[in-house]
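Notes to accompany the following structure.
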Amino acid sequence: MQHKPSLQKRLGLWLIASVILLWLVAVASASFIVRYEMNQVFDSALEETAQRILPLAIADILSRDSDTGPQRAPALQAHHEYLTYVVRQRNGELLLQSHDVDLRVFATLPRAGFYETSSHRFHGIAAVQGTIYIEVAEPLAHRQAAFLRITLSLLKPLLLLIPFSFIGVWWLTRRALRQVVQLQRLVEVRDAGDLSKVEVQALPEEFAPLIDTVNRLLARLRRALDAERSFTANSAHELRTPLAIALAKLQRLQLQLQDEPLKTQVQEIEHSLRRLSRLSEKLLELAKAEGGSTQNEQLNDLVPIIQMLARDYAYKAPGRMLLQLPEQAVKSHLDPDAFAILLRNLIENALCHGDPQQPVIIRLSADGLLRVINGGTVVPAEQLAVLRQRFVRSNSKSLGAGIGLAIVDAITSSAGIELHLYSPARGRCDGFEVSLNIIVVV
Ligand SMILES: Nc1ncnc2c1ncn2[C@@H]1O[C@H](COP(=O)(O)OP(=O)(O)OP(=O)(O)O)[C@@H](O)[C@H]1O
Ligand SMILES: [Mg+2]
């Protein structure tokens, strides 16, 4: 069977994926803005530092003796410098440097304004008519680390959000689709014979047209089946009396006839009328089996019914009925009338289509397993598979219309019983076996 996607699962997964995606988009845009704002703050700090230090540095340089050379600004306390600076002349000659500076990161000639290398961001200011420059450098790694920390702190809630949204979305979709799941279960547990209305309270609006259509179709199907059944039952019933009258008149006519060839012709007509009469009886039984109830409120012991029917048929086919029944009663909710019709059809079949030299075995176990077994030639598997359909027969030599097994099938499916046909019979190499469990669970 092809795997069908579940609405609940699909909805859940899409919702969770959307929440995560939206969160990631939010984190990305937030970090973009944060990065922009941070750069502005850091740049302004860089500029501020340069402007603060420059006058002090110039005062320091101008107050020195002319041959003291470049100087390193002393650190008051040992610390690591984030911002380092150099004060140089326009030609690049060094005048003053911060204590932790790495001169290799600066260009050979000083520059004014903001600029960047692969490792540092600089800000330079010129003073004393462009003869003295201060350049403050800040490592880019510092900004990147700060930016990474902020982005990670924005991403952290996502770790919590994923399990919470899993639980939340699962709970919400389950709640929202509760009625749909209920509808699915209602339809799932129905058997083919249940054509009653499908009803689920508070079903989402989107499903209302679907339920309406299903219910309309079920109602039409119910009406069509009822019409078919009542037509079969009525016509079979209406045929009964005229057929019986015609048969009676034929028998009277037969007694009055002297001419032998004419007598034979009348016998043939009688034979056909009997077949017709039997067919109408069977059709009536089928209509009843398909339309009537096959279950009873109270439990009935079905063993006496088997014994009674076996006795009836023992008169018609002496010595062929072989009963194997349990000592105790076998009680079932199966309607006794329906069971009698079912068993009669099975016994008739076994007697009529089975080997006349072999017995018909009716075996019932204490747990309700009924088996009707007869000898005879094996029915091919492809025919066996379709025998329970109406008017289907495998052996055209014997009498019959092909309705008996359809009646049995109608009764068993309406009672929720599984019907099994085997040929050859189980444990044998010939014959036919019908098996079913007569204990009906209501
Ligand atoms: N016990 C059996 N042994 C051998 N063949 C069987 C047996 N029961 C049924 N069949 C085969 O299945 C066919 C269908 O049986 P079904 O009872 O439906 O119709 P039928 O007996 O031919 O006619 P009807 O029951 O309407 O008088 C039979 O014609 C026969 O070929
Ligand atoms: Mg039959």
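Annotations for the structure displayed:
- Among the GluC sites (Glu not before Pro) in region 378-442, those placed in a DSSP loop whose Cβ has at most 10 other Cβ atoms within 10 Å are E418.
- Model label points for Q358 and V198, set 7 angstrom from Cα along the Cα-to-Cβ axis, are 4.7 nm apart.
- Modelled label reach - Q328, point 7 Å along Cα→Cβ, region 273-315 residues with backbone N closer than 18 Å: 299-304
- Largest GNM mean-square fluctuation among P359, P261, P336, using the chain with Cα springs under 10 Å: P261.
- Seen from I403, the other residues with C-beta closer than 9 Å to its C-beta sum to a net charge of +1, counting Lys and Arg as +1 and Asp and Glu as -1.
- Using alpha-carbon coordinates, inclination of helix 303-316 to the longest axis of the chain, degrees: 40 degrees
- The calculated FRET efficiency for the pair L22 and L148, based on their C-beta separation and a Förster distance of 22 Å, comes to about 0.50.
- For the residues G404, G124, G368, a GNM of the chain with alpha-carbon springs under 10 Å puts the largest fluctuation on G124.
- Classification of the chain by its C-alpha gyration tensor yields a prolate form. The axis ratio a/c (a ≥ b ≥ c) is 1.5 or more, and a/b outweighs b/c.
- Compared with the direct C-alpha span, the chain from R190 to L369 gains 62.0 nm at full extension, assuming 0.36 nm per residue.
- Length released on extending from Q254 to S293, taking residue separation times 0.36 nm less the Cα-Cα span: 9.7 nm
- Potential extension, N215-T131 segment - 0.36 nm per residue separation minus Cα distance: 20.6 nm
- Spatial separation of Cα centroids for region 425-440 and region 316-389, in angstrom: 8 Å
- Cα gyration tensor, region 7-163 - rounded (a/c under 1.5), prolate or oblate: prolate
- Between F166, F42, F339, the residue with the greatest mean-square fluctuation in the GNM of the chain (Cα pairs under 10 Å linked by springs) is F42.
- Partner lysines for K249 [C-alpha distance under 24 Å; skip if fewer than 8 residues away on the same chain]: K263, K282
- Placing unit charges on each Cβ (+1 for Lys and Arg, -1 for Asp and Glu) gives the chain a dipole about its Cα centre, and among Q251, F42, A340 the Cα reaching farthest toward its positive end belongs to Q251.
- Shape call, region 376-442: gyration tensor on alpha carbons, a/c limit 1.5: oblate
- Degrees, to the nearest 10: 178-188 long Cα axis against longest axis of the chain: 30 degrees
- Acute angle (nearest 10 degrees) that the helix 140-176 long axis makes with the longest principal axis of the chain, alpha-carbon atoms: 20 degrees
- Value at 222 nm in deg cm²/dmol, rounded to 500, when DSSP H runs of n ≥ 4 in the chain each add -39,500 (n - 2.57): -19000 deg cm²/dmol
The numbers here are math on the coordinates, done by the rules we state, and not lab data. Model, not experiment: these values are computed from the prediction. Counting neighbours? That spans all protein chains shown, and the Cβs are built from the backbone with ideal geometry, glycine included.
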